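A short write-up of the structure that comes next.
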Amino acid sequence: MHQYLLGHGYWSFVEGTNEVAPEPAHKDFRVWEQGASRVLYCLASFVHDQMLGYIRDAKTPKEAWENLRKVFAASTTTRKLQLRQELNNIRQRDMSVTDYTTKVKEICDALGSINVTVDEHEMVQICLGGLAKRYRPMRTTICTWEKPPSFFDLQSMMMVEENHVSESRTTQSDSRMLYMEADRPRGRGGRGGSARNGSGRQEQERRHNERADSISGTSTSKGSQGGAEIHPHQTAHPPVCSRGR
């Protein structure tokens, strides 16, 4: 807003020769009134509707500017505290490296817009302090360096470490699956082996019973056939004593 007024030649109505309005009877009053109206219009176009009252109640552009400055100063202090707290409490958690570093940069840029400077060394320290547990080895190593890396270099290092961690997790997952597959019971023993052995024993018992039934049936049949051969022979050939009579 300041740059706009300065670039269009209106800043003198805020700080300069046109701060105070001339007497209404003065020949320059009409020119001043037109210039002041343009400044008030510019100020009104830059603020929210709820702040128009601070401009409407002002008698001069300088008074309107001072009213807005006080309001913005109070809101800037509150905003500064909020951004500072957000920056100090930021944690990566499940965010990717890109999302995490971008979030840190956005907060620092927001502080810069209200004249609060966050130097690069502090940005690096904040990023390292909020890293997730999986990046602790890298953080420990960097903290031992005599000269800390730049924010850009740290971001690149974190992205490389992110890829390494992702590959390690994939390898561990594959190894765990192979171990579980190799450790699965086969044949005797174990849960699966017991089920299979139980089924095998049942099958063996069934076959054994069938074989026993078959053998028993064969013996009975033979016994029946032998009896049939004897009885007809005895009845067909009576004793010798009967034959003589």
Sorted on mean Cβ neighbours within 10 Å (highest first), peptides 141-148, 115-122, 104-111 come out as 104-111, 115-122, 141-148
Excluding residues on the same chain fewer than 8 positions from LYS70, give the lysines whose Cα lies under 21 Å from its Cα. LYS59, LYS62, LYS80
Set the Förster distance to 45 Å, then compute FRET efficiency between PHE46 and HIS121 from the Cβ-Cβ distance, nearest 0.05. 0.80
Could you name the lysines whose alpha carbon sits less than 27 Å from that of LYS133, not counting residues in the same chain fewer than 8 places away? LYS103, LYS105, LYS147
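If I stretch the segment between ALA74 and SER96 completely, what's the gain in nm (0.36 nm per residue apart, minus their alpha carbon distance), one decimal?
Extending this stretch completely gives an extra 4.4 nm.
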Quick one: dipole size for the stretch 2-77, taken about the Cα centre, charges +1 on Lys/Arg Cβ and -1 on Asp/Glu Cβ, in debye to the nearest 20. 80
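If each residue of separation counts as 0.36 nm, what is the full-extension length gain between PHE152 and ALA132 once their alpha-carbon separation is subtracted? Display every interim value, and only then the final one.
Numbers: separation 20, 0.36 × 20 = 7.20 nm, distance 1.87 nm.
Contour length minus the Cα-Cα distance gives 5.3 nm.
Every number here is computed from the coordinates shown, using simple stated rules; none is lab data. Quantities reported herein were computed from a predicted structural model and do not represent experimental measurements. As a convention, Cβ positions derive from the backbone with ideal geometry for all residues, glycine included, and neighbour counts pool all protein chains shown.
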